[in-house]
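Enquirer: Below is the structure I would like to discuss, written out as structure tokens.
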Amino acid sequence: MARSDTLCNQSLLEAGERALDRTIGEPGDVKTQFVTREGTYRLMTLSEYSRPNRVGYQPQGQTPPQVRVSLVTLSDQGERICFNHGRELYVYVYKGIKKAADLSKPLEKKVYKGTNPTCHDFNTTSATADNVSLLIGFSTGQIQLIDPIKKELSKLFNEERLIDKSRVTCLCWVPGSRSLFLAAHASGQFYVYNEELPCGSAAPHYQPFKAGEGFTVNTCKTKSTRNPLFRWLLGNGAAINELAFSPNGSQLAVVSQDGLLRVFQYDSMELLGYARSYFGGLLCVAWSGDGRLIAVGGEDDLVTVYSMEQKRVVARAQGHRSWVSAVVFDWYLEAESCYRIGSVGHDTQICLWELPEDNLVPPRPRVKRRPDPLQLVGTPACPRLDECPILEPLVCKKIAHERLTALVFRPDCIITACQDGYVYTWARPPT
């Protein structure tokens, strides 16, 4: 979709030209549509997914895990959608904007006792019309593998919590693999599993395999190959919040509670670059469709864009009033001259941003400042707010009553989810 460079550059605000503490968005009514340059996005009220009885889940005690959404496309069978809410997990046929959701017929419904599902991921490589592998991570550290279509497959990993006792924060199948997956934990470690191999009957003993700046990789000392194949430890053990492979599957971006984005060459286990939040932890990460840029969001209420080519932060996007819980590039609107980024947050708002190609040129040399004693800000990995461009949102709208937790771009729609367990579909403008 062609866009005018002039219009696109209007979304770019050089720091200092306008106050940064202005109020953005409306604090009042929840919006059911919003307008962008390409037209109007509309909420499809009949394409709403939730628990079958639509009765809100009442958590007991601690705050329930955030609602996450996973999708997979099956050959000639359309799409399947998975989401978690409290101690429950559902899989439905996803009908998008074409047909109303049928909440009375979930393909899979699971209610867990003593633990909550925290994350999940479909294996898009091995999925067929007859079977699909779905990984589910839990608050108590275990990982389950099921097939919601055949219902014959059911495996447990880390069942006795001998590998890691902390919450599973992210699951990710290795691109192109039918059996390898990554599991990240709140302990600051992530593990490489092969779903075809068993876990040991005792706590694994590790030996060094590789080490680099701020990370170590270990393998198990075993006579026979068992899970986990590798254990990665990042930094000082701050929780890993999300993992994301690059579009070609060769690089891995990791964000964690210590406020760092780390980017690795996955196969060689080399650290390629890093960036730092302005403050607080980083909660979410996403790649541009061409693999040149990475967007992250977190507890500094900002969306930060990192360039793989220049190994520096090239922009920050300001508009959210609270933590950013999900950030995604809209690959379907990615153009040669501009990138489209979407984000949702605890402030119940969705924000859309445009980053023009012109913003990716290296910055002019600046007058040197006095070195920061802790070297946390004023560096290419974490520039001060007056040292990098600030993006203004194209759209910043309140679209839910509870904090938003998930955002997915599809060819004909946008999918959002919020903490009360509702998954919404927004139709894109007609082309």
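Enquirer: Of all the residues that make up segment 129-152, how many are under 17 Å from Pro117 (Cβ atoms) and without any contact (Cβ under 8 Å) to a residue 40 or more places away in the chain?
Expert: 6
Enquirer: Of the residues Ser277, Ser307, only one is closer than 25 Å to Asp164 by Cβ, open to solvent by less than 10 Å² (accessible area, probe 1.4 Å) and over 14 Å from the mean Cα position of the chain (by Cα); which?
Expert: Just a single option satisfies the conditions, and that option is Ser277.
Enquirer: From the residues in segment 49-93 that are small (Gly, Ala, Ser) and assigned to a strand (DSSP E or B), which one is modelled with the lowest pLDDT?
Expert: Out of the qualifying residues, it is Gly78.
Enquirer: Do you know which residues across segment 100-142 are in a loop (DSSP other than H, G, I, E, B) and either under 17 Å from Trp173 (Cα atoms) or of a type in the set (Val, Ile, Thr) (or both)?
Expert: Within segment 100-142, Thr115, Asn123, Thr124, Thr125, Ser126, Ala127, Thr128, Asn131, Val132, Ser133, Thr140, Gln142 qualify.
Enquirer: Anything in segment 156-169 that is open to solvent by 10 Å² or more (accessible area, probe 1.4 Å), hydrophobic (A, V, I, L, M, F, W, C) and farther than 16 Å from Cys220 by Cβ? List them, or say none.
Expert: Leu156, the sole residue that qualifies.
Enquirer: Right, next: Among the residues of segment 218-269, write down those that are in a strand (DSSP E or B), open to solvent by 10 Å² or more (accessible area, probe 1.4 Å), touching a residue at least 40 places away in the same chain (Cβ under 8 Å) and of a type in the set (S, T, N, Q).
Expert: Scanning segment 218-269 gives Asn241, Gln251.
Enquirer: Could you list, in sequence order, all residues of segment 176-205 that are touching a Ser or Thr at 6+ places or on another chain (Cβ under 7 Å), open to solvent by 10 Å² or more (accessible area, probe 1.4 Å) and not small (Gly, Ala, Ser)?
Expert: Arg178, Asn194, Glu195, Glu196, Leu197
Enquirer: Something else now. Is it the case that Leu145 is touching a Cys at 6+ places or on another chain (Cβ under 7 Å), of a type outside the set (Val, Ile, Thr) and not in a loop (DSSP other than H, G, I, E, B)?
Expert: Spelling it out, it is not the case that Leu145 is touching a Cys at 6+ places or on another chain (Cβ under 7 Å), of a type outside the set (Val, Ile, Thr) and not in a loop (DSSP other than H, G, I, E, B).
Enquirer: Kindly indicate whether any position in segment 282-291 is in a strand (DSSP E or B), aliphatic (A, V, I, L, M) and in contact (Cβ under 8 Å) with a residue 60 or more places away in the chain.
Expert: Scanning segment 282-291 turns up no residue that is in a strand (DSSP E or B), aliphatic (A, V, I, L, M) and in contact (Cβ under 8 Å) with a residue 60 or more places away in the chain.
Enquirer: Pull up segment 128-173, narrow it to residues that are of a type in the set (Gly, Ala, Ser) and under 19 Å from the mean Cα position of the chain (by Cα), then point me to the one that is nearest to Pro228 (Cα to Cα).
Expert: Only one residue fits best here, namely Gly137.
Enquirer: Taking the condition closer than 20 Å to Pro247 by Cα, among the charged types (D, E, K, R) and either at pLDDT 95 or above or assigned to a loop (DSSP other than H, G, I, E, B) (or both), does Asp300 pass?
Expert: Considered against the rule, which asks whether it is closer than 20 Å to Pro247 by Cα, among the charged types (D, E, K, R) and either at pLDDT 95 or above or assigned to a loop (DSSP other than H, G, I, E, B) (or both), Asp300 comes out as no.
Enquirer: Within segment 325-347, track down each residue that is open to solvent by 10 Å² or more (accessible area, probe 1.4 Å) and assigned to a loop (DSSP other than H, G, I, E, B).
Expert: Glu334, Ala335, Glu336, Ser337, His346, Asp347
Enquirer: Quick one: what pairs do we get from segment 377-394, first residue on the phi < 0 side of the Ramachandran plot and surrounded by fewer than 18 Cβ atoms within 10 Å (Cβ to Cβ), second basic (Lys, Arg) and part of a loop (DSSP other than H, G, I, E, B), C-beta under 6 Å, 6+ apart or different chains?
Expert: Filtered contacts from segment 377-394: Val377/Arg384.
The values are calculated or read from the model by the stated rules, or taken from the named source; none is laboratory data. Because the structure is predicted, anything quoted here is derived from the model rather than measured. With ideal geometry, Cβ positions are generated from the backbone for all residues, glycine too; neighbour counts draw on all protein chains shown. Note: areas computed on protein heavy atoms with side chains; ligands, DNA, RNA excluded. Shrake-Rupley method; radii C 1.70, N 1.55, O 1.52, S 1.80 Å.
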